[in-house]
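The values are calculated or read from the model by the stated rules, or taken from the named source; none is laboratory data. Since we're looking at a predicted model, the values are computed, not measured. Using ideal geometry, Cβ is built from the backbone for each residue, glycine included, and neighbour counts are taken over all protein chains shown. With ligands, DNA and RNA removed, areas are computed over all heavy atoms of the protein, side chains included. Shrake-Rupley method; radii C 1.70, N 1.55, O 1.52, S 1.80 Å.
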Amino acid sequence: MIYPIYVNLSPVIESARRRWERRAQWPLTLAAVLFLAAYAWPILEPDLPSRQVSACLTLTWAMWALFAVDYFMRLLLSRNRLRFVRSHLLDLALVVLPIFRPLRLLRLITLLAVLNRYAGRSLRGRVIAYAAGSSMLIIFIAALAVLDAERKVPEASITTFGDALWWAMTTVTTVGYGDTYPVTETGRFIAGGLMLSGIALLGVVTASLASWLIERVADLEEQSQAATRRDVEALSREIAELRAEIARLTGRQTPSQP
């Protein structure tokens, strides 16, 4: 009689998924950079010929397709696909929602998600540099997005990239001078996301600094305790040697320590 042999393929599947994520890291990063360049070019040059605008639009959709392929490959290579979907709802939304025309702006969030997937795993010592880089990227993307939304509105105060960049810097730092402000619904939606991003980045930096201080205090305390233990051990050895010397000189044994 032949009995079926069951093989647990879960570790193999998870290993394949990790290999895919490792190999896809740099191609996806390059795709994200191309995505940003193709998105920014028509906005920074509004008089760009229609052929080049169409090429940029095609490139953005091609890069988005790569992001979608990456998501579905990670899904297929996951041991528990339902748990993967539940734990990666944001990735799923960023892949599905930009298909709909009113939500094209969310493709920019897809860019941030791709860049952050690997940078977010950095050591805590790199958090400050990572937060600074993320801040500059968010400011640049928000400036592009709000300029694209506001420039053609007659009553808009954000009509140049310089205005948009200044507005993004004052908004992400929650300063808000009020000299430039969005008047469209899309622009206000961008402003809300930018303000939340600024608060989140400030929280990351603050938490990183607090964690570093706590770790430094703990290290100093541990070093102090270790030094105290070494001093006590050295003193105990000296006392034992002194007792042994006294016992040798007086011809008596040193009493045993309890």
Linear extension gain, E45 paired with L30, 0.36 nm per residue minus alpha-carbon span: 3.2 nm
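Based on the mean of other Cβ atoms within 10 Å per residue, sort peptides 25-34, 164-173, 182-191 so the most packed one is first.
On the way: 25-34: 15.4, 164-173: 21.3, 182-191: 17.8.
Sorting 25-34, 164-173, 182-191 by mean packing, highest first, produces 164-173, 182-191, 25-34.
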Under Karplus coefficients 6.51, -1.76 and 1.60, residue-wise ³J(HN,Hα) of the range 41-48 in Hz, glycine/proline x: 4, x, 6, 6, 10, x, 8, 5
Burial ranking of peptide ranges 147-153, 17-23 (average Cβ count within 10 Å, highest at the top): 147-153, 17-23
Value of D in µm² per second that Stokes-Einstein yields for the range 137-231, Kirkwood Rh from Cα pairs, at 20 °C (1.002 mPa s): 138 µm²/s
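May I ask for the net charge around T228, where only other residues with Cβ less than 14 Å from the Cβ of T228 are counted and Lys, Arg are +1 while Asp, Glu are -1? Before the final figure, lay out the partial values.
Working: positive: R229, R230; negative: E221, E222, D231, E233.
Residues near T228 contribute -2 overall.
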Rough spin-label spacing in nm, given labels placed 7 Å along Cα→Cβ, for R83 and F189: 3.5 nm
Environment charge at V146 (Cβ cut-off 13 Å; Lys +1, Arg +1, Asp -1, Glu -1): -1
Fraction of accessible area attributable to carbon and sulfur, the range 38-77 (%, probe 1.4 Å): 72 percent
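Taking the Cβ of L76 as the center, what net charge do the other residues with Cβ under 12 Å away carry, scoring Lys and Arg +1 and Asp and Glu -1?
+3
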